[in-house]
Amino acid sequence: MSLEQFMNDAISPWMRETGPENDIVLSTRIRLARNFQDEIFPIIADEKDLMKINHFFKQNYEHASFRQYEDLELIDIHHLSHIEKRVLVEKHLISPYLTKARSAAALVSKNEQVSVMINEEDHIRVQLYFPGFQLTTALKEAFLFDDWLEENIDYAFDEEKGYLTSCPTNVGTGMRASVMIHLPALVLTKRINRMIPAINQLGFVVRGIYGEGSEALGNIFQISNQMTLGKSEEDIVQDLQSIVVKLVEQERDARERLVQHSSIRLENQIFRSFGILQHSRIMESSEAATRISNVRLGIDLGIIENISHRILNELMVLTQPGFLQHYANKILTASERDILRATLIRERLTLEQ
Amino acid sequence: MECNECKKRPATLHFTQIINGQKTEIQVCELCAKKKGYMNNSEESYSLHDLLTGLFNFSSSQIELQNDDLFAQIEELECSKCKMTFNDFQRIGKFGCANCYDAFKVKLDSIFRRVHSGNTKHHGKIPKRKGGKLHTKKELELYRIELQQLIEQEEFEQAAIVRDKIRKLEHKKEDGRS
């Protein structure tokens with residue numbers, strides 16, 4: 001497979017579009033947890049119940065289309081190889097949990113903007129992705145998609161407690177709204193350390209790019225709501241919106257100050273990273289993440305020219321272990337991956353010139 | 001596999017006992033293990049899982065140390081649909097089905113309050129198809145609040161319009177019922 005063709009596979013179509021504040025906010029996601037009223041929840045359901053749900057989706061939604069979410073493909077998780085599962089996780093189309101769940105499936109739209117996880121912790125987990133900062137649009141679209149599913153499904157819903165979920169931390173709206181955000185200047189100036197506790201106090205969580213328990217690789221943070229009961233979806237999204245607006249403002253301010261006060265040091269750091277990416281023969285994933293983040297900052301600030309800023313999103317995905325093995329078409333050891341990672345990055349950068 | 005002792009809960013602990021060369025295998029649940037002294041309470045280690053479930057389990061150590069009567073009382077809470085007990089729920093931290101919310105109702109608000117900053121009531125989306133009646137109810141609530149405000153502000157003309165809207169909705173509701 002050529003690198004270009006491989007990249008086309010790797011980058012979800014929706015990721016190629018640009019969105020508002022795209023230089024700092026990478027993507028917006030809304031996730032809704034839903035369950036069937038009369039079915040036992042997946043954690044204790046038996047195989048027969050789970051297959052029933054799996055079949056229901058196969059019969060009713062395979063190759064169905066709704067709005068721009070066309071030709072939904074039903075992927076049976078247990079038919080996938082280990083590497084294929086990893087690739088879907090790295091594209092954020094499924095959760096790591098789903099790869100281990102019984103009779104699990106995912107319904108994915110052609111543009112990979114919608115993915116419905118089936119038999120995860122809840123029967124149904126709908127996820128919608130949008131490029132850039134588009135919380136309001138994302139919520140509106142998620143509601144429409146949810147209504148469309150509800151035409152055929154009796155949701156577990158209680159007048160007082162809202163949407164009933166397997167875990168008490170999701171009950172109510174069943175919604176997790178999150179934003180993926182690149183904050184190199186706030187990290188460099190250590191300002192982020194003061195901001196995270198403040199965000200936590202507002203009931204929002206700051207995590208690394210691959211969700212719970214992951215560190216903020218490459219200065220990319222994921223910010224999402226923790227509370228699901230007591231506030232409406234619109235209010236939660238509004239609060240998240242104002243937090244992210246503040247963060248974007250602060251990040252821009254920190255970038256400006258860096259350029260004004262330590263421009264030569266900043267340039268040095270950016271060009272060193274660029275050089276290392278262009279010439280390395282071995283590259284570990286955490287180093288790659290940091291270097292790519294620096295180069296992206298350089299592109300955003302106009303210090304590095306003639307390279308598209310999409311490169312960060314692309315390389316972050318391409319250099320993940322699953323994708324590297326998918327590209328090599330075999331299982332690789334950690335050190336083999338580091339060599340292939342370095343090669344891929346070098347080739348990707350030459351494609352630009 | 002069910003517990004050898006109570007024959008009710010699933011066995012989670014498996015012991016092999018060898019007395020005078022005679023091997024016996026014992027499968028019991030945690031509760032019976034404690035009652036029968038297979039497990040020593042004081043030597044229990046505190047695992048990460050305990051820490052997590054501790055979030056929902058406001059007084060796990062307290063409950064476990066109290067007498068059998070209380071055990072019996074708490075155990076009575078069992079979901080009739082999926083057979084999950086409140087104890088199971090506290091251990092796993094997850095509900096087994098939608099009906100569990102009803103079955104454990106009396107115990108849940110304190111848990112929700114802890115997890116959701118003091119909230120116990122949903123204030124968000126209502127399913128479009130299934131929540132038909134609820135939509136009318138919510139709409140009526142909003143109109144009544146509006147009406148009250150208009151009356152306080154002495155905007156009687158506006159208030160009359162809102163009052164008519166309420167009447168119309170109430171009629172619709174009754175028609176739907178008959």
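The values are calculated or read from the model by the stated rules, or taken from the named source; none is laboratory data. From a predicted model like this one, the values you see are computed outputs, not experimental measurements. All Cβ positions, glycine included, derive from the backbone under ideal geometry; neighbour counts span all protein chains shown. Heads up: the accessible areas ignore ligands, DNA and RNA and are worked out on the full protein's heavy atoms, side chains in. Shrake-Rupley method; radii C 1.70, N 1.55, O 1.52, S 1.80 Å.
Some notes on this structure:
- In chain A, the DSSP-assigned H stretches of four residues or longer account for a calculated mean residue ellipticity at 222 nm of -14500 deg cm²/dmol, using -39500 (n - 2.57) per stretch and the full residue count as denominator.
- Overall form of segment B:132-175 per C-alpha gyration tensor (a/c, 1.5; a/b vs b/c): oblate
- Take every Cα pair under 8 Å whose residues are at least 6 apart in sequence, average their separation, divide by the length of chain A, and the relative contact order is 19 percent.
- When the solvent-accessible area of segment A:1-153 is split by element, carbon and sulfur atoms take up 48 percent of it, the probe being 1.4 Å.
- 1.4 Å probe, heavy atoms, protein only - residues of segment B:74-110 losing at least 50 Å² accessible area vs chain alone: B:81, B:94, B:95, B:98, B:101
- Occluded residues from segment B:122-152, i.e. those whose accessible area drops by 30 Å² or more once the chain is not alone (1.4 Å probe): B:122, B:123, B:125, B:127, B:128, B:129, B:130, B:134
- Förster-model FRET efficiency, 56 Å R0, residue B:83 and residue A:306, C-beta, rounded to 0.05: 0.30
- FRET efficiency for residue B:109 and residue A:193, using Cβ-Cβ distance with R0 set to 35 Å, rounded to 0.05: 0.45
- Positive end of the dipole of the protein assembly as shown (Cβ unit charges, origin at the Cα centre): among A:172, A:261, A:26, the Cα lying farthest that way belongs to A:261.
- Positive-end residue of A:133, A:123, A:143, charge dipole of segment A:119-159 with Cβ unit charges: A:133
- Built amide H within the under 5 Å cut-off of residue B:8, gap 5+: B:3
- Its Cα centre serving as origin, segment B:74-178 has a Cβ charge dipole (Lys and Arg +1, Asp and Glu -1) of approximately 660 debye.
- Share of carbon and sulfur in the accessible heavy-atom surface of segment A:160-233 [1.4 Å probe, %]: 52 percent
- Shielding score for B:112-121, defined as the mean number of other chain Cβ atoms within 10 Å: 6
- Averaging the sequence gap over all C-alpha pairs within less than 8 Å and six or more residues apart, then dividing by the number of residues, gives segment A:1-127 a relative contact order of 31 percent.
- Using the 1.4 Å probe convention, the accessible area of the protein assembly as shown works out to 50 Å² per residue with neighbouring protein chains retained.
- Pairwise Cα separations in the protein assembly as shown fall into 10 Å bins from 0 onward with the following percentages, short to long: 3, 15, 22, 23, 18, 12, 5, 1, 0, 0.
- GNM on chain A, alpha-carbon springs under 10 angstrom: the most fluctuating residue among A:22, A:294, A:306 is A:306.
- Take each residue of peptide A:35-46, count the partner chain Cβ atoms within 10 Å of its Cβ, and average: the result is 5.
- Less than 5 angstrom separates the built amide H of residue A:158 from those of A:163, A:164, all sequence-distant by 5 or more or on a different chain.
- Spin-label model, residue A:263 to residue A:102: label points 7 Å out along the Cα-to-beta-carbon direction sit 6.5 nm apart.
- Subtracting the Cα-Cα distance of residue B:133 and residue B:4 from 0.36 nm times their residue separation leaves 41.5 nm of extension gain.
- ³J(HN,Hα), Karplus 6.51/-1.76/1.60, whole Hz, each residue of segment A:320-329, x for Gly, Pro: 6, x, x, 5, 4, 6, 5, 5, 6, 6
- Pairs from A:231/B:165; A:58/B:107; B:83/B:121 whose Cα-Cα separation, in the structure shown, is over 31 Å: A:58/B:107
- Interface size B-A, as summed buried accessible area [1.4 Å probe, Å², nearest 100]: 3200 Å²
- Mean Cα-pair separation over length for segment A:258-351, i.e. relative contact order, pairs under 8 Å, 6 or more apart, %: 34 percent
- Checking every one of the trypsin sites (Lys or Arg not before Pro) in segment A:283-353 against DSSP loop status and a limit of 13 other Cβ atoms within 10 Å picks out A:330.
- FRET efficiency, residue A:56 to residue A:137 (Cβ-Cβ, R0 22 Å, nearest 0.05): 0.15
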